Amino acid sequence: MITSNIQIASYLLASILFILSLSGLSSQETAKRGVLFGIIGMTIAILATVFGENVQGYTYIIVAIIIASIIGVLVARKVEMTAMPQLIAILHSFVGLAAVLVGFGSFIDPEVAKLQGAEMIIHMVEVYIGIFIGAITFTGSVIAWGKLTGKISGKPFVFKGKDALNVVLFIATIVLGVLFIQNLGSPMAMNILYIMTAIAAFFGIMMVMAIGGADMPVVISMLNSLSGWTASAAGFMLGNDLLIVTGALVGSSGAILSIIMCEAMNRPFFSVILGGFGQEIKTGKKIEGTVKSTTHEIVAEMLTEAESVLIVPGYGMAVSKAQHPVHDMVEKLRAQGKKITFGIHPVAGRLPGHMNVLLAEANVPYDIVLEMDEVNPTIDQIDVVLVIGANDTVNPGALEDEDSPIYGMPVVEVWRAKQVIVMKRSMAVGYAGVENPLFYKDNTSLLYGDAKDSVDKINSNINR
Amino acid sequence: MSPFILLIIFAASTGLGYVIIKNVPSLLHTPLMSGMNALSGITILGAIAAVGLSVLSKNSNEILLGQIFGGLAIIAATVNVVGGFLVTHRMLKMFNKNKKGRNR
């Protein structure tokens, strides 16, 4: 048992370590140190809480922590880099779930029953809000996980009257909140809490269901932010300043990240965050024309003749785990003295920065991995552009077709290069469900098949 | 602590988070996100408190509920913390490895 003074000091130390952790993570040189600070801070915080006053049942707590740690270690070691978006989504759901459970736990807490008057009301309002945000985070993240794993369709799900329903439910939540406070102390209160949790869970589901696949990186980043606010709400609930600080840090930095993503897609932040409120579904103009397909031999030949090659990867590369053969191909071409660069769209894939992680995993040196804004001005001089499993991020419709749902989003302008090869599994539309005029351009040819197979075959042809 | 002070702490941390993250390179978005995710597992403190307090209760029904809610919450939050930090570390290790390759 430690005294509450030591506990306060430990919490202060932990919050400083968390601030250092976050600022460490935001720069390349210090990122690893950032993780270390985070781990130390978390350990101090947990120890100070477990051995704090008023806490008993050590065995129970420690057993739970050990079991969960084993699960955590197994998950972290086993997960494939390609599955990172799903993992992060499901981890967000855990924060939401934990907050809901903590909320209910705090509601039935016997110590709380001793609170009087205004203190009691403030506390219960905090419980109510905490559970509300937690439940939204929980179900929203589960739906995001479902969409990312393909268990739920990536298409935005909207129906008539959805906005009206949301407004009605929101008003109902507030009315229930008032009833909840009036009925404190009677069994009614618990029932109201259950109903509100169900409504919040429904909100979370509707919010993420309504968001299209192309906005997925923003959704993940937004849920990340929401999980921070959730932790903060739990902090208010328990009067714990460390939770408030950490939650607010994560919440606001997650929100900034979402805004950065939205700017990259030229979408207003609120139209994404409000879950497609009042959004119409557009699919863009139907395109007339024919697409040319090509073979692995021809592509290998084009690459051998080219002097400069730009590779634009997308989620397709992640799905087929093509990053390793891509690395082999790049090494071969570089050995022949060619200039190879990668052009990464800010929202390529399903997670911000996902492509960078995959290429790093495959040992691609990151000084040739460039951002969209760096490659776009030089594309006219590129001989061959290889689009590997990207679609919406290279869609000229974003600049040319005002009816396109992604109109206005900056894209990698690959069609300005001399030759464009698009590796694609089939002619199906991309994750966002948008037609892509790029495939019909004269200098574009399509190479059908799984990205990994295709790159392997090209590799064997370059060898000869 | 009074709710007013807690609100000030909240506002200050919100501002701090904004300042820290404003200029993060896109290369680090994924590790940053999983790292932040691990940090939001701080809800574990709430879970521990919930379990710890429930044991003090005289009402056996409340003890049981508190332990179920709290225990599940501890598990959910710990998976988050441990999994989040480890996976962040794994990703950053890849970046560092390649940095050496470049300097060679």
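The values are calculated or read from the model by the stated rules, or taken from the named source; none is laboratory data. Values in this document were obtained by computation on a predicted structure and should not be read as measured data. So basically every Cβ, Gly included, is an ideal-geometry build from the backbone, and we count neighbours across all protein chains shown. Each accessible area value is taken on the protein alone, full model and side chains, heavy atoms only, with ligands, DNA and RNA left out. Shrake-Rupley method; radii C 1.70, N 1.55, O 1.52, S 1.80 Å.
Total residues in the stretch A:202-221 satisfying the condition of being open to solvent by 10 Å² or more (accessible area, probe 1.4 Å), under 22 Å from A:I344 (Cβ atoms) and either among the hydrophobic types (A, V, I, L, M, F, W, C) or modelled with pLDDT of 90 or more (or both): the figure is 1.
Summed over the stretch A:180-201, the residues that are open to solvent by less than 50 Å² (accessible area, probe 1.4 Å) and outside any helix (DSSP H, G or I) give a count of 3.
Does the stretch A:190-238 hold any residues that are among the hydroxyl-bearing types (S, T, Y) and touching a residue at least 24 places away in the same chain (Cβ under 8 Å), and which are they? Of everything in the stretch A:190-238, those that are among the hydroxyl-bearing types (S, T, Y) and touching a residue at least 24 places away in the same chain (Cβ under 8 Å) turn out to be A:T197, A:S221, A:S225, A:S227, A:T230. Selection of the stretch A:377-412 for residues being more than 15 Å from A:V347 (Cβ to Cβ) and open to solvent by less than 40 Å² (accessible area, probe 1.4 Å) yields A:I379, A:I382, A:D383, A:V384, A:V385, A:L386, A:V387, A:I388, A:P396, A:G397, A:D401, A:S404. Filtering the stretch A:205-227 for residues that are out of contact with any Phe, Trp or Tyr (no Cβ under 8 Å at 6 or more places or on another chain), in the same structural domain as A:F107 (by TED's automatic domain parsing) and of a type in the set (D, E) leaves a non-empty set. Of the residues making up the stretch A:75-91, those that are facing chain B (nearest Cβ under 9 Å) and either at positive phi or not charged (D, E, K, R) (or both) number 9. Just to be sure, is A:F18 open to solvent by less than 20 Å² (accessible area, probe 1.4 Å) and either more than 8 Å from chain B (Cβ to nearest Cβ) or in a helix (DSSP H, G or I) (or both)? The answer is yes for A:F18. Taking residues in the stretch B:72-94 that are more than 7 Å from chain A (Cβ to nearest Cβ), and partners anywhere that are in a helix (DSSP H, G or I), the pairs with Cβ atoms closer than 8 Å and at least 6 places apart or on different chains are B:K93/A:K32. Considering the stretch A:109-160, the residues that are over 28 Å from the mean Cα position of the chain (by Cα) and of a type in the set (G, A, S) include one that is surrounded by the most Cβ atoms within 10 Å (Cβ to Cβ), namely A:A113. Listed by first and then second residue, the pairs with beta-carbon distance under 8 Å, at least 6 apart or on different chains, first residue in the stretch A:109-122 and touching a residue at least 24 places away in the same chain (Cβ under 8 Å), second not hydrophobic (A, V, I, L, M, F, W, C), are A:E111/A:N54.
Among the numbered conditions (1) at pLDDT below 90; (2) part of a helix (DSSP H, G or I); (3) touching a Gly at 6+ places or on another chain (Cβ under 9 Å), the only one that A:G154 does not meet is (2).
Number of residues in the stretch B:4-29 that are under 22 Å from A:E126 (Cα atoms), among the β-branched types (V, I, T) and either more than 7 Å from chain A (Cβ to nearest Cβ) or loosely packed, with under 13 Cβ neighbours inside 10 Å (or both): the value is 2. With respect to the conditions (1) open to solvent by less than 10 Å² (accessible area, probe 1.4 Å); (2) not in a loop (DSSP other than H, G, I, E, B), A:G52 lacks only one, and its number is (2).
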